[in-house]
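The values are calculated or read from the model by the stated rules, or taken from the named source; none is laboratory data. Everything numeric in this text was worked out from a predicted model, so none of it was measured. Every residue, glycine as well, gets a Cβ built from its backbone with ideal geometry; the counts of neighbours run over all protein chains shown. Remember, those area values only see protein heavy atoms, side chains included, never the ligands or the DNA or RNA. Shrake-Rupley method; radii C 1.70, N 1.55, O 1.52, S 1.80 Å.
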There are 2 protein chains.
Amino acid sequence: MGNYKPKKRLEASEYIAGILKGDRVLLSRAITIVESNLATDKILAKDIIQAILPSSGNSIRIGITGVPGVGKSTFIEAFGKHLIGLGHKVAILSIDPSSQRSKGSILGDKTRMEELTTRQEAYIRPSASGDTLGGVANKTGESMLLCEAAGYDVILIETVGVGQSETAVHGMTDFFLLLMLSGAGDELQGIKKGIMEMADMLVINKADGDNIRKSQIAKRQYENALHIFPQSESGWTPVVSTASALKNIGIAEVWEQVMEYKKLVDANGYFKTNRKEQQIQWMYNNIHEELKQLFYGSAHIKEHLKTLEKEVIEARISPVKAAEKIIQEFKSTI
Amino acid sequence: MGNYKPKKRLEASEYIAGILKGDRVLLSRAITIVESNLATDKILAKDIIQAILPSSGNSIRIGITGVPGVGKSTFIEAFGKHLIGLGHKVAILSIDPSSQRSKGSILGDKTRMEELTTRQEAYIRPSASGDTLGGVANKTGESMLLCEAAGYDVILIETVGVGQSETAVHGMTDFFLLLMLSGAGDELQGIKKGIMEMADMLVINKADGDNIRKSQIAKRQYENALHIFPQSESGWTPVVSTASALKNIGIAEVWEQVMEYKKLVDANGYFKTNRKEQQIQWMYNNIHEELKQLFYGSAHIKEHLKTLEKEVIEARISPVKAAEKIIQEFKSTI
């Protein structure tokens with residue numbers, strides 16, 4: 001705060017016109033406003049979002065996750081270039097609430113996508129920072145809308161595959177891609193429970209050289225495993241493939257599968273239904289988040305919760321009664 | 001309500017003394033009070049719970065789930081009898097917020113456990129009714145504490161495996177058992193996503209007669225699948241077995257696995273840590289539930305939400321702005 005002064009802002013209408021024309025500079029500056037926590041920027045962001053809303057949504061949104069070391073950046077570089085070659089405009093965003101952008105495991109390190117960063121048909125934006133996952137997810141979600149309004153028709157949203165961000169990304173994308181390595185399951189230790197069940201496609205990356213045989217075995221194992229999963233609401237059966245992003249092998253196949261998926265969910269209506277539900281859910285997530293902030297925002301409540309936690313653990317008060325007590329207190333203070 | 005008058009109530013101290021002595025009649029009447037929605041009963045219930053709290057917890061809590069038709073009641077009958085034979089006292093509860101007790105798929109139909117119901121060492125209680133899962137889960141959770149205080153050292157909590165109740169049961173038990181049928185995955189259609197990842201053990205039931213071979217194949221498939229799951233925090237690797245509850249085959253093995261699990265989690269400290277976390281989580285679940293009720297309890301809010309949902313779907317307002325709007329409204333009305 002203190003001496004910090006934001007860049008001079010334009011009028012909302014200037015950002016809006018710029019975005020709708022596909023102006024990358026104005027798009028970037030608008031995203032900066034969306035990410036900003038300044039009160040004046042928040043108002044400006046709302047006006048921009050509100051105006052571009054009808055022009056958003058015309059894209060396929062793909063979530064991409066995998067533990068650090070799986071080769072996400074190399075994959076996105078290869079995948080992005082392939083998409084551009086097919087005439088698409090690709091925006092690449094990321095969600096990583098824990099990141100201080102220091103680890104380089106996520107988009108912050110643009111140099112990992114050397115060629116893609118130089119292409120006009122690709123727009124790469126590192127993760128917004130923020131305290132809460134909800135806050136960061138909002139920012140990424142709204143940035144996605146801006147990118148769509150600017151004409152990007154494929155949105156890739158990256159996460160690191162080790163936290164809760166995956167659920168957030170799954171909640172804002174149409175197709176969920178999980179990158180894996182071969183090695184008979186051990187590498188899954190880094191993947192949180194539940195993430196595999198969200199995947200529409202598993203890509204075993206680094207399937208080259210000595211790794212090819214191992215990757216084939218891993219592919220079969222994952223196929224067998226996915227086979228016994230409950231069927232997804234989309235009607236889609238998740239697929240497993242091998243790829244080498246480094247050698248550009250198996251990249252086209254990933255996009256073909258996305259297209260197969262799109263054909264299916266367009267036909268059975270799931271694409272639209274899911275999008276609607278996601279929008280509604282986005283609203284409710286925000287409502288519940290704000291309710292919690294209203295509650296936990298009180299220093300007095302926080303202090304009392306600490307005491308109650310202790311009492312609950314020591315079986316001096318039942319969890320139900322403890323909750324009732326503090327809710328009574330909350331009611332009396334608001 | 002109108003003419004409805006509850007049974008005459010005793011003093012809290014009488015229920016408490018009765019429960020601590022293992023009196024089944026007073027235990028039953030106390031659970032009825034815990035399940036009651038009458039204001040006077042709620043106060044009475046709190047006093048009882050508060051008093052027995054230090055005597056609760058001395059049990060192993062096992063969640064049992066599976067789709068209707070998997071043979072849950074037959075399994076529980078066989079499993080319960082086996083436990084009694086080993087000298088245990090077994091309490092059997094259930095969670096089923098959707099049930100009107102009419103479908104007979106859950107404990108309501110006590111006749112399905114013919115022998116067990118007649119045994120003094122078994123206590124069977126059908127599902128509490130209620131509007132919200134949170135409410136029903138509270139009632140079942142508190143009934144569990146009462147059963148423990150009455151000396152039941154094995155608690156079985158049953159669900160139907162098709163809804164969200166499983167997460168609630170998983171959140172209040174030490175060990176989670178998933179009953180399955182053979183048949184190469186198709187029967188899983190009824191099991192909700194995420195349930196398999198919660199399981200500490202999969203038992204393929206009805207593994208008798210012509211089914212034996214199919215069950216063995218299913219067992220191997222599930223083993224392969226579980227193998228690639230991320231490891232559980234408990235350090236336990238889920239096991240798969242086959243059983244025929246009807247012919248009393250494989251029942252002893254289930255208990256042996258529970259004991260193996262208990263040995264592991266006692267040794268690595270997970271048993272205690274998990275119990276503590278569950279208690280704390282129980283409190284927070286109640287807090288969040290009550291916050292939501294505070295919010296959704298307003299007819300005006302409900303009405304406005306309907307309008308906002310429509311506007312969000314039609315992209316006339318962004319989900320983030322919609323949430324902000326209604327939270328402002330909520331703040332101004334409280």
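Across the range A:312-334, what is the number of residues that are open to solvent by 40 Å² or more (accessible area, probe 1.4 Å), in a helix (DSSP H, G or I) and more than 8 Å from chain B (Cβ to nearest Cβ)? Quick ask: steps written out before the conclusion?
Taking the range A:312-334 and keeping what is open to solvent by 40 Å² or more (accessible area, probe 1.4 Å), we get A:313-314, A:316, A:321, A:324-325, A:328, A:331-334.
Next, from what is left, pick out any that are in a helix (DSSP H, G or I): A:313, A:321, A:324-325, A:328, A:331-333.
This time we only want the ones that are more than 8 Å from chain B (Cβ to nearest Cβ), so: A:325, A:328, A:332-333.
Qualifying residue count for the region: 4.
Confirm whether B:VAL160 is under 18 Å from B:ALA245 (Cα atoms) and modelled with pLDDT under 95. Even if it seems obvious, please write down each step before you answer.
Details: under 18 Å from B:ALA245 (Cα atoms): yes; modelled with pLDDT under 95: yes.
In short, yes.
Only one of A:LYS247, A:LYS206 is within 28 Å of A:GLY69 (Cβ to Cβ), touching a Ser or Thr at 6+ places or on another chain (Cβ under 7 Å) and charged (D, E, K, R); which? Write out each step before concluding.
On the way: A:LYS247 fails: touching a Ser or Thr at 6+ places or on another chain (Cβ under 7 Å).
When all the criteria are applied, what remains is A:LYS206.
Given the conditions (1) facing chain B (nearest Cβ under 10 Å); (2) in contact with a helix residue (DSSP H, G or I) (Cβ under 7 Å, 6 or more places away or on another chain); (3) modelled with pLDDT of 90 or more, and given that A:TYR284 satisfies all but one, which numbered condition is not satisfied?
That leaves (2) as the condition not met.
Please identify the pairs in which a residue from the range B:117-146 that is in the same structural domain as B:ILE84 (by TED's automatic domain parsing) has its Cβ atom under 7 Å from the Cβ atom of a residue that is of a type in the set (Phe, Trp, Tyr), counting only partners at least 6 apart or on another chain.
The qualifying pairs are B:TYR123/B:TYR152; B:GLY141/B:TRP282.
Please give the helices (runs of 4 or more DSSP H) falling wholly within the range B:6-97 in which 2 or more residues are in contact with a His (Cβ under 9 Å, 6 or more places away or on another chain), surrounded by fewer than 21 Cβ atoms within 10 Å (Cβ to Cβ) and modelled with pLDDT under 95. Lay out the reasoning, then the answer.
Values: elements: B:12-21, B:24-35, B:39-52, B:72-85.
Of the helices (runs of 4 or more DSSP H) lying wholly inside the range B:6-97, none has at least 2 residues that are in contact with a His (Cβ under 9 Å, 6 or more places away or on another chain), surrounded by fewer than 21 Cβ atoms within 10 Å (Cβ to Cβ) and modelled with pLDDT under 95.
Can you say whether B:SER234 is part of a loop (DSSP other than H, G, I, E, B) and either of a type outside the set (Lys, Arg) or within 24 Å of the chain's Cα centre (by Cα) (or both), as far as the supplied structure shows? It would help to see each step written out before you state the result.
On the way: part of a loop (DSSP other than H, G, I, E, B): yes; either of a type outside the set (Lys, Arg) or within 24 Å of the chain's Cα centre (by Cα) (or both): yes.
So B:SER234 passes the test.
Considering only residues of the range B:216-262 that are within 14 Å of another protein chain (Cβ to nearest Cβ) and of a type in the set (S, T, N, Q), which is least open to solvent (accessible area, probe 1.4 Å)? Before the answer, list the steps.
Applying the first criterion (within 14 Å of another protein chain (Cβ to nearest Cβ)) to the range B:216-262 yields B:217-238, B:240.
Now restrict to residues that are of a type in the set (S, T, N, Q): B:221, B:224, B:231-232, B:234, B:237.
Values: B:GLN221: 61, B:ASN224: 91, B:GLN231: 95, B:SER232: 27, B:SER234: 1, B:THR237: 92 Å².
That would be B:SER234.
Can you name the number of the only condition in (1) modelled with pLDDT under 90; (2) open to solvent by less than 10 Å² (accessible area, probe 1.4 Å) that B:THR167 fails?
Exception for B:THR167: condition (2).
Take the residues in the range A:263-281 that are within 11 Å of chain B (Cβ to nearest Cβ) and of a type in the set (S, T, N, Q); name whichever of them is farthest from B:PRO319 (Cα to Cα).
Residues of the range A:263-281 that are within 11 Å of chain B (Cβ to nearest Cβ), as a first pass: A:272-273, A:275-281.
Retained after the next criterion (residues that are of a type in the set (S, T, N, Q)): A:273, A:278-279, A:281.
Working: A:THR273: 16, A:GLN278: 10, A:GLN279: 6, A:GLN281: 8 Å.
Of everything passing the filter in the range A:263-281, A:THR273 is farthest from B:PRO319 (Cα to Cα).
List pairs: first residue in the range B:183-212 and more than 13 Å from B:VAL240 (Cα to Cα), second residue among the hydroxyl-bearing types (Ser, Thr, Tyr) and at pLDDT 80 or above anywhere in the structure, Cβ distance under 7 angstrom, at least six positions apart or on different chains.
Correct list of pairs: B:ILE195/B:THR65; B:LYS206/B:SER244; B:ASP208/B:SER244; B:ASN211/B:SER182.
Answer yes or no as to whether A:HIS288 is open to solvent by 30 Å² or more (accessible area, probe 1.4 Å), within 30 Å of B:PHE330 (Cα to Cα) and under 20 Å from the mean Cα position of the chain (by Cα).
Working: open to solvent by 30 Å² or more (accessible area, probe 1.4 Å): yes; within 30 Å of B:PHE330 (Cα to Cα): yes; under 20 Å from the mean Cα position of the chain (by Cα): yes.
For A:HIS288, the condition - open to solvent by 30 Å² or more (accessible area, probe 1.4 Å), within 30 Å of B:PHE330 (Cα to Cα) and under 20 Å from the mean Cα position of the chain (by Cα) - is met.
For the range B:294-311, what are the residues that are more than 8 Å from chain A (Cβ to nearest Cβ), closer than 22 Å to A:TRP282 by Cβ and in contact (Cβ under 8 Å) with a residue 24 or more places away in the chain? Walk me through how you get there before you give the answer.
In the first step, residues of the range B:294-311 are kept if they are more than 8 Å from chain A (Cβ to nearest Cβ); the result is B:296-307, B:310-311.
Remaining after also requiring closer than 22 Å to A:TRP282 by Cβ: B:296, B:298, B:301-307, B:310-311.
Passing the criteria: B:SER298, B:ILE301, B:HIS304.
Part of a strand (DSSP E or B), touching an Asp or Glu at 6+ places or on another chain (Cβ under 8 Å) and among the small types (Gly, Ala, Ser), is that true of A:SER241? First the steps, then the outcome.
Details: part of a strand (DSSP E or B): yes; touching an Asp or Glu at 6+ places or on another chain (Cβ under 8 Å): yes; among the small types (Gly, Ala, Ser): yes.
When the stated conditions are applied, A:SER241 passes them.
When you look at A:ALA128, is it at pLDDT below 90 and either crowded, with 18+ Cβ neighbours inside 10 Å or part of a strand (DSSP E or B) (or both), yes or no? Step through it out loud before you land on a result.
Details: at pLDDT below 90: yes; either crowded, with 18+ Cβ neighbours inside 10 Å or part of a strand (DSSP E or B) (or both): yes.
Yes: the conditions hold for A:ALA128.
Among what's in the range B:119-140 and is touching a strand residue (DSSP E or B) at 6+ places or on another chain (Cβ under 9 Å) and of a type outside the set (A, V, I, L, M, F, W, C), pick the residue that is farthest from B:VAL34 (Cα to Cα). Before the answer, list the steps.
First, the residues of the range B:119-140 that are touching a strand residue (DSSP E or B) at 6+ places or on another chain (Cβ under 9 Å): B:119, B:121-128, B:140.
Then keep just the ones that are of a type outside the set (A, V, I, L, M, F, W, C); that gives B:119, B:121, B:123, B:125-127, B:140.
Details: B:ARG119: 24, B:GLU121: 22, B:TYR123: 16, B:ARG125: 13, B:PRO126: 14, B:SER127: 12, B:THR140: 9 Å.
Among residues in the range B:119-140 that are touching a strand residue (DSSP E or B) at 6+ places or on another chain (Cβ under 9 Å) and of a type outside the set (A, V, I, L, M, F, W, C), the one farthest from B:VAL34 (Cα to Cα) is B:ARG119.
Quick one: how many residues across the range B:292-311 are surrounded by 15 or more Cβ atoms within 10 Å (Cβ to Cβ) and at pLDDT 90 or above? Steps first, answer last, please.
Narrowing the range B:292-311 to residues surrounded by 15 or more Cβ atoms within 10 Å (Cβ to Cβ): B:292, B:294-295, B:298, B:301, B:304-305, B:308-309, B:311.
From what's left, at pLDDT 90 or above: B:295, B:301, B:304-305, B:308-309, B:311.
Result for the range B:292-311: 7.
Return yes or no: is B:GLN281 out of contact with any Lys or Arg (no Cβ under 8 Å at 6 or more places or on another chain), open to solvent by 80 Å² or more (accessible area, probe 1.4 Å) and in contact (Cβ under 8 Å) with a residue 24 or more places away in the chain?
Values: out of contact with any Lys or Arg (no Cβ under 8 Å at 6 or more places or on another chain): yes; open to solvent by 80 Å² or more (accessible area, probe 1.4 Å): yes; in contact (Cβ under 8 Å) with a residue 24 or more places away in the chain: yes.
For B:GLN281, the condition - out of contact with any Lys or Arg (no Cβ under 8 Å at 6 or more places or on another chain), open to solvent by 80 Å² or more (accessible area, probe 1.4 Å) and in contact (Cβ under 8 Å) with a residue 24 or more places away in the chain - is met.
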